[in-house]
Amino acid sequence: MKKMPAQRFGTGRVRSLVVVGALGAAAVLGAAPTAQAGTGCTLGLCSTTVNDSAYGVTAVFNWCRADDSTGDSTATEPRCSSDGVGQKTMNLTARGGHTPYNQDWDAFRVDAGWCYKVKFVRTGQSDFTRTYDRRGKTALWVKVGDNADAHVQDQGTASCP
């Protein structure tokens with residue numbers, strides 16, 4: 001089976017190449033791209049969530065707190081709007097479901113009673129992995145910053161992956 005570049009290298013690496021090229025072109029033209037916080041994206045500067053696990057994941061469109069970074073979390077459900085677009089959610093199917101790459105989806109939910117292992121891939125920065133343990137606790141919402149991919153690698157209820 002032939003894999004597409006995004007499948008072989010991960011969307012973060014492909015996005016890195018696109019962003020580096022765009023930044024180089026912008027430097028020549030004298031304009032720098034800005035990160036997107038609204039409903040659309042340019043130059044691949046969107047946040048996305050990819051579900052690589054065996055169970056569903058819920059992505060969240062808007063993040064409501066300022067000054068948070070990729071991987072930060074809150075137990076308060078985000079209910080805000082951005083650029084006039086209200087909060088919405090998307091169910092990401094197991095083993096490959098993902099948010100649209102041309103839209104800015106800012107967060108995902110770690111369900112109550114579950115433990116998620118998540119790898120964050122950020123263009124121009126080091127990747128990192130975090131575990132969010134909500135066994136015996138309420139749900140948690142996790143920020144995915146602009147220009148980052150959150151890959152939910154595994155999840156479970158009996159133990160943390």
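Here, each number is a calculation from the coordinates, and none is a lab measurement. Just so we're clear, the structure is a prediction, and the values are computed from it rather than from any experiment. Cβ coordinates were reconstructed from backbone atoms using ideal geometry, including for glycine residues, and neighbour counts include every protein chain displayed.
Here is how the numbers come out for the structure above:
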| read-out | value |
| --- | --- |
| Table column - 3J(HN,Hα) (Hz), region 120-133, Karplus curve with 6.51, -1.76, 1.60, x for Gly and Pro | 9, 10, 10, 5, x, 9, 5, 6, 8, 10, 10, 10, 10, 9 |
| Partners for LYS137 among aspartates and glutamates (Cα-Cα distance below 12 Å; same-chain residues under 8 apart left out) | ASP111 |
| Residues with amide H under 5 Å from that of ALA107, placed H, sequence gap 5 or more | VAL60, VAL144 |
| Cross-link table LYS119/LYS143; LYS88/LYS117; LYS88/LYS119, entries beyond 19 Å C-alpha to C-alpha | LYS88/LYS117; LYS88/LYS119 |
| Vicinal HN-Hα couplings computed from phi for region 92-99 (Karplus, 6.51 cos²θ - 1.76 cosθ + 1.60; Hz; Gly/Pro x) | 9, 5, 4, 6, x, x, 8, 6 |
| Whether region 55-133 is rounded, prolate or oblate, judged on the alpha carbon gyration tensor where a/c under 1.5 counts as rounded | rounded |
| Counted charge near ALA139, where neighbours are those whose Cβ lies closer than 14 Å (Asp, Glu -1; Lys, Arg +1) | +2 |
| Amide H contacts of THR49 (H built 1.01 Å from N, under 5 Å, at least 5 apart or other chain) | THR99, ALA150 |
| Under-5 Å amide H pairs with ASP154, H placed in peptide plane, nonlocal only | LYS117 |
| ³J(HN,Hα) computed for each position of region 55-72 - Karplus, 6.51 cos²θ - 1.76 cosθ + 1.60, integer Hz, glycine/proline x | 10, x, 9, 9, 8, 10, 6, 10, 10, 9, 10, 7, 6, 8, 10, 3, x, 5 |
